[in-house]
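Peer 1: Got a structure here, written out as structure tokens. Questions coming.
The values are calculated or read from the model by the stated rules, or taken from the named source; none is laboratory data. Keep in mind that this is a model prediction, so the values were computed, not measured. Here Cβ is always computed from backbone atoms with ideal geometry, including for glycine, and neighbour counts include all displayed protein chains. Please note that ligands, DNA and RNA were not included when accessible areas were found on the heavy atoms of the full protein model with its side chains. Shrake-Rupley method; radii C 1.70, N 1.55, O 1.52, S 1.80 Å.
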Amino acid sequence: MTDSNASSPAPKGKYDHAEVEPRWQKHWEERQTFRAARRPGKKKRYLLDMFPYPSGSGLHVGHPEGYTATDIVARYARMRDEDVLHPMGWDAFGLPAEQYAIETGTHPSVKTYENIATFRRQLKMLGFSYDWSRELATTDDEYVRWTQWIFLLLFKRGLAYQDEIPVNWCPALGTVLANEEVVDGRSERGNHPVIRTPLRQWMLRITAYADRLAEDLSEVDWPHGTLTMQREWIGRSEGAEIEFSVDGRPDDRFSVFTTRADTLLGVTFVVLAPEHPLVKSITTDAQRASVDGYVAQAQSKSDRDRIAQTKTKTGVPTGAFAIHPLSGEKVPVWVGDYVIGSYGTGAVMGVPGHDARDFEFAKAFKLAIVEVVSPDGKKHETLESAYVEDGIAVNSGEFDGLKTPDCSRAIVKKLESIGKGRGKITYKLRDWVFSRQRYWGEPIPIYFPVELPEGGDPQKGAKAIIRFDKPIAIEESELPLRLPNLSDFRPGDDPAGPLARSLEWRFFQKDGQWYARETNTMPQWAGSCWYYLRFLDPKNGSEGWSKEAYADWMPVDLYVGGAEHAVLHLLYARFWHKVLYDAGFVRDLEPFKKLVHQGMILGTSYRFYRSVDGQALPGDLSVAAEPTGLPAFKGAMPKWTPVFRTDTGEPVQECFAKEEEIELKSGDPIHRELGIKTVLIADKMSKSRGNVVNPDDIVKAHGADCLRLYEMFMGPLEAVKPWQSSQIQGVVRFRDRAYAVCTRATNDAIDPETERLLHRTIKKVTQDVEGLSFNTAISTMMVFTNHLNGLPSVPKEAAEKLALLLAPFAPHVAEEIWKELGHPESLALAPWPSFDPKLTVDDKIEIAVQVNGKVRGQVLLARTASEEDARKAALEIDSVKPFMDGKTIKKFIYVPARIVNFVVG
RNA sequence: GCCGAAGUGGCGGAAUGGCAAACGCGGCGGAUUCAAAAUCCGCUGUCCUCACGGGCUUGUGGGUUCGACUCCCACCUUCGGUACCA
């Protein structure tokens, strides 16, 4: 019974990650092991992480997840003798640094570069094999220069233009707010009133690329869900534009957009968006007061609030009537905020019989409902709800009897012939609002002529009229246009942004004429739109990237990043790429060949409850969010937000304990001090939950290799996974065991069993790395390590191969093992182990013998055993016989190397 | 509502038509130790049974199949995204 460890020599001393890891990191850095270079004839891989915003709170355990995945592939590819480009940089413009600057008066770049230094230190500490010589930040002058250069390219190609767009202007804060910063028409910070006001903005004409952005998705290997989301966001919709005129006002016409032209004869009303330009002029005097009131109310709501109230339809009649383009009948014109001004034409035809929203609207305001599409071609008395499916036209005069698609075509044709409509394609996608009224962003490289009184000096405050209608591009030779060094970063009272206050920067003279610079800056998206191109050639001073560098590395072979960027970042970057393609600067239609989203890492906490008097209650208590239907609670309501016990109706407080406050007693998580049962909850990490994990702490306690191994071992890369610190123990033991086992290797020849397992391990790990199945790759290496651990003597060949397999996952310990095994050089470029397919399959395999689908025994069979041999051998098994006695075999199933099944009766 | 992902031991997960629960955490028992930690070995889905052994089990209910975690239909739950897009 007690045999195995007597023969195992003691390990040569414990593995000290704190000493080993920094030593190898220094080694790689000094020798520039991971510097990317192209060799002719070699395969290349461009492995890209979505670069981080260097926030003040430092690296989060979520970051290393995707970064470890690409790093494993990068290190693996180098060992396969491929050329690897694996860069890292910083998406460094952004609001937090600007807000910090407003509070402290320090320039945002100071804080930004401090944060970058922290992130860089933390990433280096994790041993990622980036080519740090290509590091860049979007805030670097040399980077901004080319971001501005691309903007000018867009401008010169007519893809950047100015427009008046309603924004959330907060006079008290003196700034424009994003939608999410506005709650109930007031600012999230400070609760000041916010008004919707039109403001001059730079727009990018992304809609010009809508079709190509949708179509070229067929070129890429992306997650199915992301492709769907992009297609839906672009939202191509084929339909018709139909013209209505206003009764008694022959010059006032408007168009509606519809995908169901076939229902045109079912129109009983039309609805205009509150911001529709015709609303003001067609409203009758009798209705003016209520319409004005309604429009004002709609304007005070943010887009979000307006959309949030979807339950009940609101609207008011304008008093005007529209003339139906085919029937000539008069239908009432209403204003309703369920119609969106910016989509289609900002007007819809109301077909309550066949559109759910129109149906609700008609019900609410008692408007007529007419059936024009029937499932069976017969007319029906009343409609209980809108019939939105295809069918056969009824009540539609000459179009009766036509099927929906034919009817649509016939009606559009008819409208075209009388000049009242035409087929049209509309997109949900809108042009991209590209300017921000902020300081900490790339200045837009545009200036405008200025009209001044004779001898006036605008730098000294002379009143200037800026001709925004005459934008002029800055000369390329003058790029980058740098930000002025302000001492005060507050927004001020001018919606034009803080740059407008810097008069010496804003106004300048050229050939005796005064000009004014654009004071808007670019959004944070700008820098991330093309960083994958700058990584190709980051030091190039004469162009953004050279054609040679592009040909060397593009396209990106694997792009890993969070699903939160599934739509906007990826769409914007693809848009720029296509513009660059049209201008001849890039050669691929799509920049990112394969895309993977790493799943979010959740934090773990343990829930329990407290009663009003502070008594702790178990976490599996049955509670409800609302007291409705529960026994009434007599006492005073607490100050905190309660939930309610379903048994007594008593309000209780939800509380959360940390992992270290919990111990397991017969499977139940029990609170150590309170002694009550808790319930494990996995949730987004947040300070308030106390479930945030800091990578620095993990590296300090267990080392970078273990953080990498744990994050990869937790589960599939794409899955959402809860972090549980106690589980790290498993990979810590694995790392230490791998080190101990490998460093006691001897020169003994490898035994056949170990050899077969080794080849199977190599095969599985290789396949899993290629397929990004890192969790199963690690478990395969664990199995092999455990096998070696049980051997009286570990063959050196097995130890060396294990070190090589482990290297992409846990590079530091692998290097250390390699060194201890007598190799003076790093294994970072050593050849990846190969396997002999013959050794990965067994000649004899034990397979299950089933009777009527139930396993009744095992039989050892040759891989290639014949059906007759299998049948004979299976019938010999003692444990099978009782189930066969007195039965007849109705069917015999044999799948070689898999299963034997007797169907008996 | 719609779109997407997912529901498997006490926990993280494995197996995508062929022996469910690999690997790991935790737990139990043992070896080692003066003792502990670390390490090593064994057991560990659940129910019935002294045992041998057997039944049941992949969210629920149906179906296809010799055979279903896996495929099909319906439903429930959770998470993520999105939203009056005409």
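Peer 1: Got a sec? Which of A:Leu227, A:Leu199 is within 16 Å of RNA strand B (Cβ to nearest atom) and open to solvent by less than 70 Å² (accessible area, probe 1.4 Å)?
Peer 2: One residue alone meets the criteria, A:Leu227.
Peer 1: Could you please give the count of residues in the stretch A:85-100 that are in a strand (DSSP E or B) and either open to solvent by 10 Å² or more (accessible area, probe 1.4 Å) or in contact with a Leu (Cβ under 6 Å, 6 or more places away or on another chain) (or both)?
Peer 2: Qualifying residue count for the region: 1.
Peer 1: So if I check each of A:Leu791, A:Leu757, which one is more than 28 Å from A:Thr33 (Cα to Cα) and part of a loop (DSSP other than H, G, I, E, B)?
Peer 2: The match here is A:Leu791.
Peer 1: Could you list all residues from the stretch A:694-731 that are within 7 Å of RNA strand B (Cβ to nearest atom) and either open to solvent by less than 20 Å² (accessible area, probe 1.4 Å) or over 30 Å from the mean Cα position of the chain (by Cα) (or both)?
Peer 2: A:Gly715, A:Lys721, A:Gln729, A:Gly730, A:Val731, listed by residue number.
Peer 1: Still on this structure, I have one more. Is it true that some residue in the stretch A:192-207 is in the same structural domain as A:Val176 (by TED's automatic domain parsing), in contact with a Gly (Cβ under 8 Å, 6 or more places away or on another chain), without any contact (Cβ under 8 Å) to a residue 40 or more places away in the chain and not in a helix (DSSP H, G or I)?
Peer 2: Checking the stretch A:192-207: at least one residue is in the same structural domain as A:Val176 (by TED's automatic domain parsing), in contact with a Gly (Cβ under 8 Å, 6 or more places away or on another chain), without any contact (Cβ under 8 Å) to a residue 40 or more places away in the chain and not in a helix (DSSP H, G or I).
Peer 1: If you go through the stretch A:375-430 one residue at a time, how many are touching a residue at least 40 places away in the same chain (Cβ under 8 Å) and in contact with a Gly (Cβ under 7 Å, 6 or more places away or on another chain)?
Peer 2: So the count comes out to 9.
Peer 1: Same structure, new question: Is it fair to say A:Ala874 is among the small types (Gly, Ala, Ser), surrounded by 15 or more Cβ atoms within 10 Å (Cβ to Cβ), under 44 Å from the mean Cα position of the chain (by Cα) and not in a strand (DSSP E or B)?
Peer 2: Judged against the criteria, A:Ala874 is not a match.
Peer 1: Need the failing condition index for A:Val895 against (1) modelled with pLDDT of 90 or more; (2) outside the structural domain of A:Leu758 (by TED's automatic domain parsing); (3) hydrophobic (A, V, I, L, M, F, W, C), just the number.
Peer 2: Failed condition: (1).
Peer 1: Of everything in the stretch A:443-495, what is charged (D, E, K, R) and in a loop (DSSP other than H, G, I, E, B)? Give them in sequence order.
Peer 2: Across the stretch A:443-495, the qualifying residues are A:Glu454, A:Asp457, A:Lys463, A:Arg467, A:Asp469, A:Lys470, A:Glu475, A:Arg482, A:Asp488, A:Arg490, A:Asp493, A:Asp494.
Peer 1: Moving to a separate point now. Looking at (1) farther than 30 Å from A:Glu770 by Cβ; (2) surrounded by fewer than 15 Cβ atoms within 10 Å (Cβ to Cβ); (3) away from RNA strand B (no atom under 15 Å from the Cβ), which one does A:Ser834 not meet, given that it meets all the others?
Peer 2: The failed condition is (1).
Peer 1: In addition: So which residues in the stretch A:732-762 are over 30 Å from A:Asp843 (Cα atoms) and surrounded by 16 or more Cβ atoms within 10 Å (Cβ to Cβ)?
Peer 2: Correct list: A:Val732, A:Phe734, A:Arg735, A:Asp736, A:Arg737, A:Tyr739, A:Ala740, A:Thr743, A:Arg744.
Peer 1: Please determine, by comparing only the residues of the stretch A:678-692 that are part of a loop (DSSP other than H, G, I, E, B) and open to solvent by 20 Å² or more (accessible area, probe 1.4 Å), which one is nearest to RNA strand B (Cβ to nearest atom).
Peer 2: A:Lys684
Peer 1: Could you look through the stretch A:434-479, keep only residues that are among the polar types (S, T, N, Q) and more than 30 Å from A:Leu568 (Cβ to Cβ), and pick out the one that is least open to solvent (accessible area, probe 1.4 Å)?
Peer 2: So the residue we want is A:Gln459.
Peer 1: For residues in the stretch A:507-556 being over 24 Å from A:Asp494 (Cβ atoms) and polar (S, T, N, Q), which is farthest from the chain's Cα centre (by Cα)?
Peer 2: A:Ser542
Peer 1: Here is a follow-up. Where in the stretch A:584-665 are there strands (runs of 3 or more DSSP E), lying fully within it, with 1 or more residues that are among the small types (Gly, Ala, Ser) and farther than 30 Å from A:Asp221 by Cβ?
Peer 2: Where strands (runs of 3 or more DSSP E) fall fully within the stretch A:584-665 and carry at least 1 residues being among the small types (Gly, Ala, Ser) and farther than 30 Å from A:Asp221 by Cβ, they are A:601-611, A:651-657.
Listed here are the residues, each with its yes/no results for (1) surrounded by fewer than 15 Cβ atoms within 10 Å (Cβ to Cβ); (2) within 15 Å of RNA strand B (Cβ to nearest atom); (3) at pLDDT below 80; (4) aliphatic (A, V, I, L, M).
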position: A:Leu630; (1), (2), (3), (4): no, no, yes, yes
position: A:Met637; (1), (2), (3), (4): yes, no, no, yes
position: A:Phe644; (1), (2), (3), (4): no, no, no, no
position: A:Asp647; (1), (2), (3), (4): yes, no, yes, no
position: A:Glu654; (1), (2), (3), (4): no, yes, no, no
position: A:Glu659; (1), (2), (3), (4): no, yes, no, no
position: A:Ile662; (1), (2), (3), (4): no, yes, no, yes
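Peer 1: Which of (1) out of contact with any Gly (no Cβ under 6 Å at 6 or more places or on another chain); (2) closer than 26 Å to A:Ala178 by Cα is the odd one out, the single condition A:Tyr532 does not satisfy?
Peer 2: In the conditions (1) out of contact with any Gly (no Cβ under 6 Å at 6 or more places or on another chain); (2) closer than 26 Å to A:Ala178 by Cα, A:Tyr532 misses (2) alone.
Peer 1: Okay, moving on. Kindly establish whether A:Val351 is within 16 Å of RNA strand B (Cβ to nearest atom) and under 29 Å from A:Arg430 (Cβ atoms).
Peer 2: yes
Peer 1: Name the residue that is most open to solvent (accessible area, probe 1.4 Å), counting only residues in the stretch A:323-348 that are within 8 Å of RNA strand B (Cβ to nearest atom) and at positive phi.
Peer 2: So the residue we want is A:Gly344.
Peer 1: Tell me which residues, restricted to the stretch A:354-377, are within 12 Å of RNA strand B (Cβ to nearest atom), surrounded by fewer than 20 Cβ atoms within 10 Å (Cβ to Cβ) and closer than 24 Å to A:Ser237 by Cβ.
Peer 2: A:Ala356, A:Arg357, A:Glu360
Peer 1: Given the residues A:Asp431, A:Asp406, which is the only one that is acidic (Asp, Glu), surrounded by fewer than 21 Cβ atoms within 10 Å (Cβ to Cβ) and within 16 Å of RNA strand B (Cβ to nearest atom)?
Peer 2: A:Asp431
Peer 1: List pairs: first residue in the stretch A:773-795 and within 8 Å of RNA strand B (Cβ to nearest atom) and open to solvent by 20 Å² or more (accessible area, probe 1.4 Å), second residue modelled with pLDDT under 95 and of a type in the set (Gly, Ala, Ser) anywhere in the structure, Cβ distance under 6 angstrom, at least six positions apart or on different chains.
Peer 2: Partner pairs satisfying both residue conditions: A:Asn775/A:Gly715.
Peer 1: In the list A:Val841, A:Val855, A:Val895, which residue meets the criterion of being out of contact with any strand residue (DSSP E or B) (no Cβ under 8 Å at 6 or more places or on another chain), within 9 Å of RNA strand B (Cβ to nearest atom) and without any contact (Cβ under 8 Å) to a residue 40 or more places away in the chain?
Peer 2: A:Val895
Peer 1: With the condition kept exactly as written, say whether any residue in the stretch A:387-394 is within 13 Å of RNA strand B (Cβ to nearest atom) and under 23 Å from A:Arg253 (Cβ atoms).
Peer 2: No: the stretch A:387-394 contains no residue that is within 13 Å of RNA strand B (Cβ to nearest atom) and under 23 Å from A:Arg253 (Cβ atoms).
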